[in-house]
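All remarks here apply to the structure that follows.
The values are calculated or read from the model by the stated rules, or taken from the named source; none is laboratory data. Just so it is clear, the model here is predicted, and its values are computed rather than measured. We place every Cβ from the backbone using ideal geometry, glycine too, and count neighbours over all the protein chains shown. Ligands, DNA and RNA are excluded from the accessible area calculation, which covers all protein heavy atoms including side chains. Shrake-Rupley method; radii C 1.70, N 1.55, O 1.52, S 1.80 Å.
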Amino acid sequence: MRLGVLDVGSNTVHLLVVDAHHGAHPWPARSVKAVLRLAEQIGPDGALTRAGADALVEAVTAARASAVELSADDLIAFATSAVRDATNAPEVLARVRDETGVRLEVLTGADEARLTFLAVRRWFGWSAGRLLVLDIGGGSLEIAAGVDEEPAVAESLPLGAGRLTRDRLRVTPETDAPPSAQAVQELQEYVESRLDPVVERITEVGWERPVATSKTFRTLARLAGAAPSGAGLWVGRSLSRTGLRQVTGFIRHIPPSQLSELEGVGAGRAHQLLAGAVVAEAVMRRLGVESLDICPWALREGVILRRLDQLESA
């Protein structure tokens, strides 16, 4: 069957159409993205701005049209932290439903962590043993660990790269200047304080194989020397803590416009990369992780796999 998955994230609205059936590898047929940066369109009152809601409706309308054009048998639509945390989320969701016909399911942070964990488990298989999975999104950081397909612990923290860039570093794409040393230090201290409550719970579960997903981790790994995306899905990629420290020390002094010129760095996320690197370094250090394997599957694939499991069960 052909499934469409519409992911309304903090940075992008991403439609992934795949050909899949239970027990088989989901093969992508088309990927369509619209960069909205919804996390940066949250007003002082915590509400998604009218401009942000307008852009979301337009992007969802276009995505649904693409899914129909590509003959998708089903469209699974979900939203993550940017919509979830908006104070006017019910109104925004109702407007999207009424104007596009698409009903967005809002995932909790724990749901994100569990579904991402499922995707990583299926990618690496049972031979990977007990997994630790880290995912830095635009609005949140997800951490999960366990030995089964359902993690023993699944945590979500408001430590997304977009959120921290906006709220802590006060950097925007228009600023085009690296943040001050004081701003970076204050961000590091804030991240440490938010990690404190979860480090012990994660450590108690333990793991044999630490893994990272998300565009942020993939970009950091590429800057640290991992193979480019053009090398294909099956090439092994990793990110060491030593390599991450070197990358962080380098990018903290570079304006976003120059950073976006580096291979592997997208122009739409260049200004968020430093905040993502700060979170990645802090969580690796606090958990004692020296190197992470990079998994090409993440939340969207987890949603697909869960739907296929449900259809098979039915």
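Got a number for residues in the stretch 117-141 being over 28 Å from R166 (Cβ atoms), touching a residue at least 12 places away in the same chain (Cβ under 8 Å) and part of a loop (DSSP other than H, G, I, E, B)?
Counting residues in the stretch 117-141 that are over 28 Å from R166 (Cβ atoms), touching a residue at least 12 places away in the same chain (Cβ under 8 Å) and part of a loop (DSSP other than H, G, I, E, B) gives 2.
Answer with yes or no whether H253 is open to solvent by less than 30 Å² (accessible area, probe 1.4 Å) and modelled with pLDDT under 95. Break it down stepwise before answering.
Details: open to solvent by less than 30 Å² (accessible area, probe 1.4 Å): no; modelled with pLDDT under 95: yes.
No, not satisfied.
Restricting attention to the stretch 107-120, does a residue exist that is surrounded by 14 or more Cβ atoms within 10 Å (Cβ to Cβ) and within 20 Å of G46 (Cα to Cα)?
yes
Looking only at the stretch 233-249, count every residue that is free of Cβ contacts under 8 Å to residues at least 24 places away in the same chain and either among the hydrophobic types (A, V, I, L, M, F, W, C) or on the phi > 0 side of the Ramachandran plot (or both) and tell me the total.
The qualifying residues number 2.
Condition first: within 24 Å of I136 (Cα to Cα) and surrounded by fewer than 17 Cβ atoms within 10 Å (Cβ to Cβ). Can you find one or more residues in the stretch 85-102 that meet it?
Yes, the conditions are met somewhere in the stretch 85-102.
Looking at A65 and the list (1) under 26 Å from E301 (Cα atoms); (2) crowded, with 20+ Cβ neighbours inside 10 Å, which single condition is not satisfied?
If we test A65 against (1) under 26 Å from E301 (Cα atoms); (2) crowded, with 20+ Cβ neighbours inside 10 Å, just (2) comes out false.
What tally of residues in the stretch 221-252 results from selecting those that are in contact with a helix residue (DSSP H, G or I) (Cβ under 6 Å, 6 or more places away or on another chain) and aliphatic (A, V, I, L, M)?
Step one: of the stretch 221-252, the residues in contact with a helix residue (DSSP H, G or I) (Cβ under 6 Å, 6 or more places away or on another chain) are 223-224, 237, 239, 241, 244, 247-248, 251-252.
Then drop every residue that is not aliphatic (A, V, I, L, M), which leaves 223-224, 239, 244, 247, 251.
Total meeting the criteria: 6.
Here are some conditions: (1) over 24 Å from R163 (Cα atoms); (2) exposed (fewer than 13 other Cβ atoms within 10 Å of the Cβ); (3) modelled with pLDDT of 95 or more. S193 meets all but one. Which one does it not meet?
Against the list (1) over 24 Å from R163 (Cα atoms); (2) exposed (fewer than 13 other Cβ atoms within 10 Å of the Cβ); (3) modelled with pLDDT of 95 or more, S193 comes up short only on (1).
For residues in the stretch 20-36 being farther than 14 Å from G4 by Cβ and modelled with pLDDT of 90 or more, which is surrounded by the most Cβ atoms within 10 Å (Cβ to Cβ)?
L36
Which one of these is under 18 Å from T213 (Cβ atoms), of a type in the set (V, I, T) and touching a helix residue (DSSP H, G or I) at 6+ places or on another chain (Cβ under 8 Å): V133, V96? Reasoning before the result, please.
Numbers: V96 fails: under 18 Å from T213 (Cβ atoms).
That would be V133, the only listed residue that is under 18 Å from T213 (Cβ atoms), of a type in the set (V, I, T) and touching a helix residue (DSSP H, G or I) at 6+ places or on another chain (Cβ under 8 Å).
Against the definition (in contact (Cβ under 8 Å) with a residue 12 or more places away in the chain and in contact with a Leu (Cβ under 6 Å, 6 or more places away or on another chain)), how does L107 come out, yes or no?
Judged against the criteria, L107 is not a match.
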